[in-house]
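Here the structure comes first, spelled out in structure tokens, and everything after it is commentary.
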Amino acid sequence: MYRVIKEKEIFYKVSQLIEELNFSLPKEVEEALIEAKERETNKNAQIVLNILLQNAKIAREKRLPICQDCGMVVAFVEIGRRVHIEGDIEKIINEAVRDVYVNKFLRKSVVKDPLRRINTEDNTPAIIHCEIVDGDKLKIFVLIKGFGSENASVVKNLLPTISKEELMKEVVEHVRLFGPNACPPLIVGIGIGGTLEKAAYLAKKAILRPLKQKNKDSFWGEIEEELLSKINELGIGPGGLGGKTTALAVHIETFPVHIAGFTLAINLQCCAVRHGWVEI
Ligand code: SF4
């Protein structure tokens, strides 16, 4: 038995989500910023965290974008095996993006061609990843990604003989060099293993995990915690102006890898965290 999901319902729910994400910082992120403010002793850090919280409040109340960079929309779609979607899921998501960015006057930041750079005028296309899962539900995770932090991200191949300590050094050094330009406090998404594109996919997906949820594998969960402390010891702080809060979380996702390889992707998420999901 298949469950039929209508195009209209998906369009409506995804549009609502994209609109909400542009105007409203997720509650857990706001709470994390408040906690960080209480921990901070650095005056600059306190000022920046206050501004970020004030900015979130104004955006929510006045329905103004959280950031002037309204980002590129990334969608992770989980399609239940027993779901029949009436229509083309990619087309529906792009219609939703078009609808929100045009009608809510959000900044259109996508150009048709990387070299010729003509704006598409409606912020499409979105980046859409589809995955078939068990069940009869459709789940769509949306991340609105600003490019200050995307530009500060990387995918690389390391030596398969790398140790845990060397890996941690690699990540911390990356944040030291590129973190200040990525509008901290950050969420550091890390993808390890698989091929080059798989590692990049995992790093992006890692950003979506709830802030306080550690990797289920305690080995990686402990590395996440150690990395978070080391990154916060860098002293970059909110807005790069110093302090204890360079990152709010470090999330690692892993995948098996070839014996000759060690793929690593580090995707930095800025303080304008705009992600959420709908289930139909
Ligand atoms: S990196 Fe994030 S906070 Fe900074 S300008 Fe871009 S979207 Fe805004």
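The values are calculated or read from the model by the stated rules, or taken from the named source; none is laboratory data. Being a predicted model, the structure only gives us computed values, none of them experimental. Neighbour counts are summed over all protein chains in view; Cβ atoms, including those assigned to glycine, are modelled from backbone coordinates with ideal geometry.
Among residues of the stretch 56-74 that are closer than 19 Å to Ala96 by Cβ, those with a Cβ under 7 angstrom from a residue that is among the basic types (Lys, Arg) and within 16 Å of the ligand (Cβ to nearest atom), sequence gap 6+ or separate chain, pair up as Ile66/Arg274; Cys70/Arg107; Gly71/Lys145; Gly71/Arg274; Met72/Lys145; Val74/Lys145; Val74/Lys204. Residues that are β-branched (Val, Ile, Thr) and part of a strand (DSSP E or B) do not occur anywhere in the stretch 98-109. Residues that are closer than 30 Å to Leu52 by Cα, assigned to a loop (DSSP other than H, G, I, E, B) and either within 16 Å of the ligand (Cβ to nearest atom) or in contact with a His (Cβ under 9 Å, 6 or more places away or on another chain) (or both) occur in the stretch 195-210; there is at least one.
Do we have any residue at all in the stretch 161-169 that's among the hydrophobic types (A, V, I, L, M, F, W, C), touching a residue at least 40 places away in the same chain (Cβ under 8 Å) and within 16 Å of the ligand (Cβ to nearest atom)?
So in the stretch 161-169, the residues among the hydrophobic types (A, V, I, L, M, F, W, C) come out as 162, 167-168.
Subset that is touching a residue at least 40 places away in the same chain (Cβ under 8 Å): 162, 167-168.
Then keep just the ones that are within 16 Å of the ligand (Cβ to nearest atom); that gives none.
No, that holds for no residue.
Going residue by residue through the stretch 142-150, is there one that turns out to be more than 23 Å from Trp277 (Cβ to Cβ), free of Cβ contacts under 8 Å to residues at least 60 places away in the same chain, within 16 Å of the ligand (Cβ to nearest atom) and touching a helix residue (DSSP H, G or I) at 6+ places or on another chain (Cβ under 9 Å)?
Checked the stretch 142-150: no residue is more than 23 Å from Trp277 (Cβ to Cβ), free of Cβ contacts under 8 Å to residues at least 60 places away in the same chain, within 16 Å of the ligand (Cβ to nearest atom) and touching a helix residue (DSSP H, G or I) at 6+ places or on another chain (Cβ under 9 Å).
For the stretch 30-41, the set of residues classified as touching a helix residue (DSSP H, G or I) at 6+ places or on another chain (Cβ under 8 Å), assigned to a helix (DSSP H, G or I) and surrounded by 15 or more Cβ atoms within 10 Å (Cβ to Cβ) consists of Glu30, Leu33, Ala36, Lys37, listed by residue number.
Restricting the search to the stretch 107-121, which residues are of a type outside the set (A, V, I, L, M, F, W, C) and surrounded by 10 or more Cβ atoms within 10 Å (Cβ to Cβ)? Hits for the stretch 107-121 are Arg107, Lys108, Ser109, Lys112, Asn119, Thr120, Glu121.
Does Gly261 satisfy the criteria of being away from the ligand (no atom under 15 Å from the Cβ) and surrounded by 17 or more Cβ atoms within 10 Å (Cβ to Cβ)? Walk me through how you get there before you give the answer.
Working: away from the ligand (no atom under 15 Å from the Cβ): yes; surrounded by 17 or more Cβ atoms within 10 Å (Cβ to Cβ): no.
No; evaluated as a whole, the condition is false for this residue.
Rundown of residues vs (1) crowded, with 17+ Cβ neighbours inside 10 Å; (2) within 16 Å of the ligand (Cβ to nearest atom); (3) in the same structural domain as Gly71 (by TED's automatic domain parsing), yes/no style:
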position	(1), (2), (3)
Arg98	yes, no, yes
Lys104	no, no, yes
Ile132	no, no, yes
Ser153	yes, yes, no
Leu159	no, no, no
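Considering every residue within the stretch 119-127, establish whether at least one is farther than 18 Å from Ile280 by Cα, in contact with a strand residue (DSSP E or B) (Cβ under 8 Å, 6 or more places away or on another chain) and part of a strand (DSSP E or B). Taking every residue of the stretch 119-127 in turn, at least one turns out to be farther than 18 Å from Ile280 by Cα, in contact with a strand residue (DSSP E or B) (Cβ under 8 Å, 6 or more places away or on another chain) and part of a strand (DSSP E or B).
I'm trying to understand the selection: among the residues of the stretch 50-71, which are in a loop (DSSP other than H, G, I, E, B) and away from the ligand (no atom under 15 Å from the Cβ)?
Pass one, the stretch 50-71, residues in a loop (DSSP other than H, G, I, E, B): 63-71.
Result: Arg63, single match.
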